[in-house]
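Colleague: Before we start, here is the structure in question, set down as structure tokens.
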Amino acid sequence: MVLLTGKSLIDEALNGEMTKDQAIIDLQQLSFAWPKQSQPALKIDAFRLNAGERLFVYGPSGCGKSTLLSLLAGVVVPQTGHIAIAGQQIEGLSAAKRDHFRADHIGLVFQQFNLLPYLNVLDNVTLACDFSRKRAANLKRSGVSALDEAKRLLSRLLLPEALWTQSVMNLSIGQQQRVAVARALIGSPDLIIADEPTSALDRDSRDQFLQLLMAETEQSGSSLVFVSHDDSLKAHFDRHLHLPSLNQALSADVTAQQEANQ
Amino acid sequence: MTLNLPTLLRLSFKSLLNRRLTVFLSVLTIAFSVALLLTVERVRTEARTSFNQTISGTDLIVGAPSGDIQLLLYSVFQLGNASANMSWKAAQEISAMPEVAWTLPLALGDSHKGYRVMGTDAAYFDLYKYGRKQPLSFASGEPFADLYQAVIGDEVAQKLGYQVGDKLVIAHGMGKHSFKEHDDKPFTLVGVLERTGTPVDRSVLVSLQSIEAIHIGWGKPALSDIRARFAEKQGSTAQPDAEVLQPEAITALLVGVKKKTQLFKVQRRINEGGQGLKVVSEPLQAVMPAVALQQLWKLVGVAENALLVVAGFVVISGLVGLMSVILTGLNERRREIAILRAIGARPMQVMLLLVAEAFILTLLGLLLGAGIFYLLLLVAAPWVYEIWGIWLPVTGFSLTELKLLSIIAFAGLLVGLWPGIRAYRISLAEGLSVRL
């Protein structure tokens, strides 16, 4: 009984809406080096992102952006220090549990080629629910099917209905990126991580994309980490992180090494 | 934590469908190799069954000394020709041996439209056994009882459309368009045998005396010929008398012994013919059909195994081809792996995706291969039967065939394992990186 109550409390904490003052990202004494590298690629004393915040991470190539994203997504774990996402310490989890955690809590959007070429648009979006029970459960709680939610998101993201059942190969890059956002958002994960999602877009598509991304992230209550080397986008975001300033690993003598890693 | 197999299978399937053209070719390669393997195995086992079932109940086959296998082949299987005959006198001597229960003379060498004509006794229809000691039975008509009467096997009747009462002309020698026909002495068809699945189906059976009778006037003048010509000169149109029709030589003699324990004794005595005990007055050879068959399998076994090994290697090369197609595709699919990893697929799931692909393709290959195999059976069976007398039945898979198929299916899983492990390593090493 006691165990049950304890478990349900944890579930509640994990599944429930994040309150504003709750940390979505909490990094402490973090240090990470890629395999076969003697020098760390990323060293962060402390960093915290509150739930619902939209963070713009910028800096030149080689400042550790990709490394930070890999750590946040749980693809790699730090050699020392702590990393908590949505209240869950992920550095202690097994690789399989981290993959599971990523499926449940994090939506990722890459620079380009986010979609599986052999699935149609809708299937690409709902695929995220196939790999995450939590996302599927979130939708079920709201009483919508994965397919309906995918359709809702796609129309909110201004993707013409005629394209929904088509191969993703028929879409423009801008359309593909919006489909990727729909997939990242479906089932309302806690955190959306976007890695240079606009760099392949022209100015008009970029602005439209940013607006839609902001609106939908807000709507689903997810937090956003947006990585770019283009600091002109800065203005769209609540918080800015100049990574070279935070990353203590970037002292002069290791900069060359960092560049090799990126 | 579940591996989410239904989703993985669905993804595998859709991914394959997307690459259907490239993938179809490797499936086709596997299908043909599987069909080849199944065919070799089926022909091998059916040839054995068919040979093993051709003769039963006969204890010894006796003929002029040649080789055990040769004697068996030309006397019972109608393959090849006798190098020499045995004398009628020797046959009678063997008949007279106290241990011998029965003998059946066989005289070969003539044909009718490509089918062998076999001169024997009417007792043949009671004494010759095939399969599990089954005797021959008549579909219509009855055994020959007189000169110029013939009984034909099922296939002869089917192919030539003969019925009881029809006339047929026997030719000297073999071949469909035999050069010399004994057309002055047509035979009357008196009986058609039921199908046996043995060379009997392809035989025209006549009495030994009939064979003698049509050869009167052929070849060197024998005593019987002179007598017959004498009879003809006397204006007699009656049939030659029995004495004249006693054959001088036959091709082989089937022997049944009274007691199985005496079999070796009889065999030894016949083999010692012309010397030592002098039971038989000329050198002869007696073989036990089962022993000769064993020798035949030993000989043929090498070729059989060689064929199986070759077919096996063709299957292996098909699977290696499949593996190379998947491995080659893997490089272009690093992006796909990164996407799957990003939405939470574990490296193990990425690996399973590729194993599933290889497995699905192998199964498709097996399915298509089985289809090709049965099609081949349907098309080639009558042709194989006509040439080698081996009937290939269109039946379900034998246990051995199922075993072969399961081994290939399992190999399909293994084939997927290597690309799978590569994909596993790629997923670990590259993580979510978008490098191309």
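Colleague: Across region B:332-359, which residue is surrounded by the fewest Cβ atoms within 10 Å (Cβ to Cβ) among those that are among the small types (Gly, Ala, Ser) and either within 13 Å of chain A (Cβ to nearest Cβ) or without any contact (Cβ under 8 Å) to a residue 60 or more places away in the chain (or both)? Give the steps one after another, and end with the answer.
Modeller: Initially, region B:332-359 is screened for residues among the small types (Gly, Ala, Ser), giving B:338, B:342, B:344-345, B:356, B:358.
Subsequent filtering for residues that are either within 13 Å of chain A (Cβ to nearest Cβ) or without any contact (Cβ under 8 Å) to a residue 60 or more places away in the chain (or both) retains B:338, B:342, B:344-345.
Working: B:338: 25, B:342: 28, B:344: 28, B:345: 27.
Applying the filter and picking the extreme gives B:338.
Colleague: Taking the options B:253, B:208, B:284, B:296, name whichever one is hydrophobic (A, V, I, L, M, F, W, C), under 27 Å from residue B:130 (Cα atoms) and at pLDDT 90 or above.
Modeller: B:253
Colleague: Residue check, residue B:86 against (1) within 20 Å of residue B:203 (Cα to Cα); (2) over 25 Å from the mean Cα position of the chain (by Cα); (3) of a type outside the set (Ser, Thr, Tyr), all met but one. Which one?
Modeller: Answer for residue B:86: the failing condition is (1).
Colleague: Condition first: under 14 Å from the mean Cα position of the chain (by Cα) and polar (S, T, N, Q). Now tell me which residues in region A:178-221 satisfy that.
Modeller: Within region A:178-221, A:188, A:217, A:220 meet the criteria.
Colleague: Name the residue, out of B:301, B:321, B:329, that is within 14 Å of another protein chain (Cβ to nearest Cβ), assigned to a helix (DSSP H, G or I), surrounded by fewer than 18 Cβ atoms within 10 Å (Cβ to Cβ) and at negative phi.
Modeller: Values: B:301 fails: within 14 Å of another protein chain (Cβ to nearest Cβ); B:321 fails: within 14 Å of another protein chain (Cβ to nearest Cβ).
Among B:301, B:321, B:329, only B:329 is within 14 Å of another protein chain (Cβ to nearest Cβ), assigned to a helix (DSSP H, G or I), surrounded by fewer than 18 Cβ atoms within 10 Å (Cβ to Cβ) and at negative phi.
Colleague: What single numbered condition from (1) part of a strand (DSSP E or B); (2) without any contact (Cβ under 8 Å) to a residue 24 or more places away in the chain fails to hold for residue B:110?
Modeller: Condition (2) is where residue B:110 drops out.
Colleague: Could you please find all residues in region B:121-130 being assigned to a strand (DSSP E or B) and farther than 16 Å from residue B:60 by Cβ? Before the answer, list the steps.
Modeller: Residues of region B:121-130 assigned to a strand (DSSP E or B): B:129-130.
The one that is assigned to a strand (DSSP E or B) and farther than 16 Å from residue B:60 by Cβ: B:130.
Colleague: I would also like to ask the following. So, residue A:121, is that one closer than 23 Å to residue B:346 by Cβ, more than 9 Å from chain B (Cβ to nearest Cβ) and surrounded by 19 or more Cβ atoms within 10 Å (Cβ to Cβ) or not? Lay out the reasoning, then the answer.
Modeller: Numbers: closer than 23 Å to residue B:346 by Cβ: no; more than 9 Å from chain B (Cβ to nearest Cβ): yes; surrounded by 19 or more Cβ atoms within 10 Å (Cβ to Cβ): yes.
For residue A:121, the condition - closer than 23 Å to residue B:346 by Cβ, more than 9 Å from chain B (Cβ to nearest Cβ) and surrounded by 19 or more Cβ atoms within 10 Å (Cβ to Cβ) - is not met.
Colleague: Could you give every pair whose Cβ atoms fall below 6 Å, whose first residue belongs to region A:91-107 and is facing another protein chain (nearest Cβ under 7 Å) and under 15 Å from residue A:25 (Cα atoms), and whose second residue is hydrophobic (A, V, I, L, M, F, W, C) and surrounded by 24 or more Cβ atoms within 10 Å (Cβ to Cβ), counting only separations of at least 6 or pairs across chains?
Modeller: A:102/A:73
Colleague: Determine whether residue B:7 is at pLDDT below 90 and in contact with a Ser or Thr (Cβ under 8 Å, 6 or more places away or on another chain).
Modeller: Details: at pLDDT below 90: yes; in contact with a Ser or Thr (Cβ under 8 Å, 6 or more places away or on another chain): no.
When the stated conditions are applied, residue B:7 does not pass them.
Colleague: Tell me which residues, restricted to region A:147-181, are within 12 Å of chain B (Cβ to nearest Cβ), among the small types (Gly, Ala, Ser) and assigned to a helix (DSSP H, G or I).
Modeller: The answer is A:180, and nothing else.
Colleague: Looking at (1) of a type outside the set (Phe, Trp, Tyr); (2) crowded, with 19+ Cβ neighbours inside 10 Å; (3) more than 22 Å from residue B:251 (Cβ to Cβ); (4) modelled with pLDDT under 90, which is the one condition that is false for residue B:171?
Modeller: Of everything listed in (1) of a type outside the set (Phe, Trp, Tyr); (2) crowded, with 19+ Cβ neighbours inside 10 Å; (3) more than 22 Å from residue B:251 (Cβ to Cβ); (4) modelled with pLDDT under 90, residue B:171 misses just condition (3).
Colleague: I would also like to ask the following. Please enumerate the residues belonging to region A:219-233 that are part of a helix (DSSP H, G or I) and either surrounded by 14 or more Cβ atoms within 10 Å (Cβ to Cβ) or touching a Cys at 6+ places or on another chain (Cβ under 8 Å) (or both).
Modeller: Filtering region A:219-233 for residues part of a helix (DSSP H, G or I) gives A:219-220, A:231-233.
Once the filter is applied, which keeps residues that are part of a helix (DSSP H, G or I) and either surrounded by 14 or more Cβ atoms within 10 Å (Cβ to Cβ) or touching a Cys at 6+ places or on another chain (Cβ under 8 Å) (or both), region A:219-233 yields A:220, A:233.
Colleague: Has region B:424-435 got at least one residue that is within 14 Å of another protein chain (Cβ to nearest Cβ), assigned to a helix (DSSP H, G or I), surrounded by fewer than 17 Cβ atoms within 10 Å (Cβ to Cβ) and of a type in the set (Gly, Ala, Ser)? Walk me through how you get there before you give the answer.
Modeller: First, pick out the residues of region B:424-435 that are within 14 Å of another protein chain (Cβ to nearest Cβ): B:424-435.
Retained after the next criterion (residues that are assigned to a helix (DSSP H, G or I)): B:424-430.
Checking the rest, the ones that are also surrounded by fewer than 17 Cβ atoms within 10 Å (Cβ to Cβ) come to B:425, B:428-430.
Now drop any that are not of a type in the set (Gly, Ala, Ser), which leaves B:429.
For region B:424-435, residues within 14 Å of another protein chain (Cβ to nearest Cβ), assigned to a helix (DSSP H, G or I), surrounded by fewer than 17 Cβ atoms within 10 Å (Cβ to Cβ) and of a type in the set (Gly, Ala, Ser): present.
Colleague: If only one of B:151, B:156 is part of a strand (DSSP E or B) and among the β-branched types (Val, Ile, Thr), which one is it?
Modeller: Unique residue meeting the criteria: B:151.
Colleague: Could you pull out the residue among B:23, B:27 that is more than 14 Å from chain A (Cβ to nearest Cβ) and of a type in the set (Val, Ile, Thr)?
Modeller: When all the criteria are applied, what remains is B:27.
Colleague: May I ask you to say which residue of B:338, B:356 is under 28 Å from residue A:194 (Cα atoms) and at pLDDT 85 or above? First the steps, then the outcome.
Modeller: Numbers: B:356 fails: under 28 Å from residue A:194 (Cα atoms).
Going through B:338, B:356 in turn, just one is under 28 Å from residue A:194 (Cα atoms) and at pLDDT 85 or above: B:338.
Colleague: In region B:373-406, what residues are aliphatic (A, V, I, L, M), surrounded by 13 or more Cβ atoms within 10 Å (Cβ to Cβ) and part of a helix (DSSP H, G or I)?
Modeller: Our first condition is that a residue be aliphatic (A, V, I, L, M); within region B:373-406, this holds for B:375-381, B:384, B:387, B:390, B:392, B:394, B:399, B:402, B:404-405.
Filter again for surrounded by 13 or more Cβ atoms within 10 Å (Cβ to Cβ), leaving B:376-377, B:380-381, B:384, B:390, B:392, B:404-405.
Within region B:373-406, B:376, B:377, B:380, B:381, B:384, B:404, B:405 meet the criteria.
Colleague: Sticking with this one: Based on this model, can you work out whether residue B:365 counts as away from chain A (no Cβ under 14 Å) and out of contact with any Cys (no Cβ under 6 Å at 6 or more places or on another chain)?
Modeller: Details: away from chain A (no Cβ under 14 Å): yes; out of contact with any Cys (no Cβ under 6 Å at 6 or more places or on another chain): yes.
Yes.
The values are calculated or read from the model by the stated rules, or taken from the named source; none is laboratory data. Not measured: the values here are computed from a predicted model. With ideal geometry, Cβ positions are generated from the backbone for all residues, glycine too; neighbour counts draw on all protein chains shown.
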